[in-house]
Amino acid sequence: MKKAFNYMFLDNKFYKKAAIFFIYTIILLYCSIFGCKGTISLNFLNYIMISLVILFGYSIFEGYKIAIIKALNDINESMPVLPTLNLKKDCILGIKYLISLLIFSIPFFCVIGAFGFTVGFASIMSMPNLLINISCISLILSILFYIIYLICFLPASILIYANTNSIWSFYKFEEIFKLISGNRKEYIKSALMYFIFGIVVEECYRICLYVSNKSLILLIIALF
């Protein structure tokens with residue numbers, strides 16, 4: 001973060017890059033709100049097309065974030081911090097990142113889904129309360145474990161992905177633990193900040209869904 005604030009304003013194209021990304025964010029936000037709120041009746045094919053547009057748009061967003069992280073990691077005083085938004089390159093980078101996260105998350109989703117199904121099935125079939133209670137506890141614990149793991153190790157996994165572009169980055173446990181153990185205090189602070197910032201962004205998006213008819217408020221939130 002120190003590198004970011006030290007160098008990004010030395011880039012004479014910083015405001016142009018930031019403006020391009022801001023315009024893109026506004027467009028993505030409006031498309032996302034349009035798709036989520038369903039204010040217009042759509043047939044199945046159009047709904048699929050809009051969903052794909054949102055998916056690819058979000059992939060570009062994530063890809064650009066990865067590109068920035070890589071630039072920060074490779075920074076030197078003669079290099080600008082922020083790369084320019086590149087739709088094709090960032091889309092590919094973002095899709096690979098989402099695939100990487102999905103591959104890692106599938107086992108967790110299967111376990112969580114199995115416990116969730118057991119809870120619902122046991123309730124319908126009037127099975128013993130002990131089985132239902134154990135399933136509920138297991139479901140809650142598995143969800144908490146997945147969330148805690150992401151809070152603790154997601155930043156390290158993202159950095160490894162930014163450096164390697166490997167879809168197996170989330171499974172490189174040796175590199176992940178090596179990266180964390182290299183500077184634990186700094187990593188813990190960074191991971192917490194990343195988690196808190198993620199919550200803030202998520203809540204801003206939720207607010208946007210409610211104030212989509214108030215353009216000025218929406219613009220201010222998107223700018224933030």
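Consider residue 97 against the criteria (1) modelled with pLDDT under 90; (2) among the aromatic types (Phe, Trp, Tyr); (3) surrounded by 17 or more Cβ atoms within 10 Å (Cβ to Cβ): it satisfies all of them except one. Which criterion is unmet?
(1)
Listed here are the residues, each with its yes/no results for (1) part of a helix (DSSP H, G or I); (2) modelled with pLDDT of 85 or more; (3) open to solvent by 90 Å² or more (accessible area, probe 1.4 Å); (4) not charged (D, E, K, R).
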{"residue": "117", "(1), (2), (3), (4)": "yes, no, yes, yes"}
{"residue": "127", "(1), (2), (3), (4)": "no, no, no, yes"}
{"residue": "204", "(1), (2), (3), (4)": "yes, no, no, yes"}
{"residue": "209", "(1), (2), (3), (4)": "yes, no, no, yes"}
{"residue": "221", "(1), (2), (3), (4)": "yes, no, no, yes"}
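What are the pairs with Cβ atoms under 8 angstrom where one residue, in segment 44-64, is over 15 Å from residue 27 (Cβ atoms) and the other, located anywhere, is part of a helix (DSSP H, G or I) and hydroxyl-bearing (Ser, Thr, Tyr)? Sequence gap at least six, or different chains.
From residues that are over 15 Å from residue 27 (Cβ atoms), the pairs are 62/97; 63/97.
Does residue 170 meet the test of being in contact with a Ser or Thr (Cβ under 7 Å, 6 or more places away or on another chain) and either open to solvent by less than 80 Å² (accessible area, probe 1.4 Å) or modelled with pLDDT under 90 (or both)?
yes
Quick one: residue 2 ticks every box in (1) at pLDDT below 75; (2) of a type outside the set (Phe, Trp, Tyr); (3) open to solvent by 70 Å² or more (accessible area, probe 1.4 Å); (4) over 25 Å from residue 221 (Cα atoms) bar one, so which box is it?
Going through the list (1) at pLDDT below 75; (2) of a type outside the set (Phe, Trp, Tyr); (3) open to solvent by 70 Å² or more (accessible area, probe 1.4 Å); (4) over 25 Å from residue 221 (Cα atoms), residue 2 breaks only (4).
Between a first residue in segment 85-108 that is touching a residue at least 24 places away in the same chain (Cβ under 8 Å) and a second residue that is open to solvent by 40 Å² or more (accessible area, probe 1.4 Å) and of a type in the set (Val, Ile, Thr), which pairs have beta carbons less than 8 Å apart while being 6 or more apart in sequence or on different chains?
From residues that are touching a residue at least 24 places away in the same chain (Cβ under 8 Å), the pairs are 85/20; 96/167; 99/167; 100/167; 103/167.
Please count how many residues of segment 155-174 are under 16 Å from residue 73 (Cα atoms) and not in a loop (DSSP other than H, G, I, E, B).
The total comes to 10.
Quick test of your reading of the structure: residue 192 fulfils all but one of (1) surrounded by fewer than 18 Cβ atoms within 10 Å (Cβ to Cβ); (2) under 25 Å from residue 113 (Cα atoms); (3) not basic (Lys, Arg). Name the failing condition by number.
Against the list (1) surrounded by fewer than 18 Cβ atoms within 10 Å (Cβ to Cβ); (2) under 25 Å from residue 113 (Cα atoms); (3) not basic (Lys, Arg), residue 192 comes up short only on (2).
Could you count how many residues in segment 30-84 are closer than 28 Å to residue 15 by Cβ, exposed (fewer than 12 other Cβ atoms within 10 Å of the Cβ) and either at pLDDT 75 or above or under 23 Å from the mean Cα position of the chain (by Cα) (or both)?
2
For residue 99, are the conditions met, namely being within 16 Å of residue 66 (Cβ to Cβ), touching a Lys or Arg at 6+ places or on another chain (Cβ under 8 Å) and either in a helix (DSSP H, G or I) or among the hydroxyl-bearing types (Ser, Thr, Tyr) (or both)?
So residue 99 fails the test.
The values are calculated or read from the model by the stated rules, or taken from the named source; none is laboratory data. Note that the coordinates shown come from a computational prediction; the quantities given were computed from them, not determined experimentally. Cβ atoms come from the backbone with ideal geometry, glycine included; neighbour counts cover every protein chain shown. In case anyone asks, the SASA skips ligands and DNA or RNA and just uses the protein heavy atoms, side chains included. Shrake-Rupley method; radii C 1.70, N 1.55, O 1.52, S 1.80 Å.
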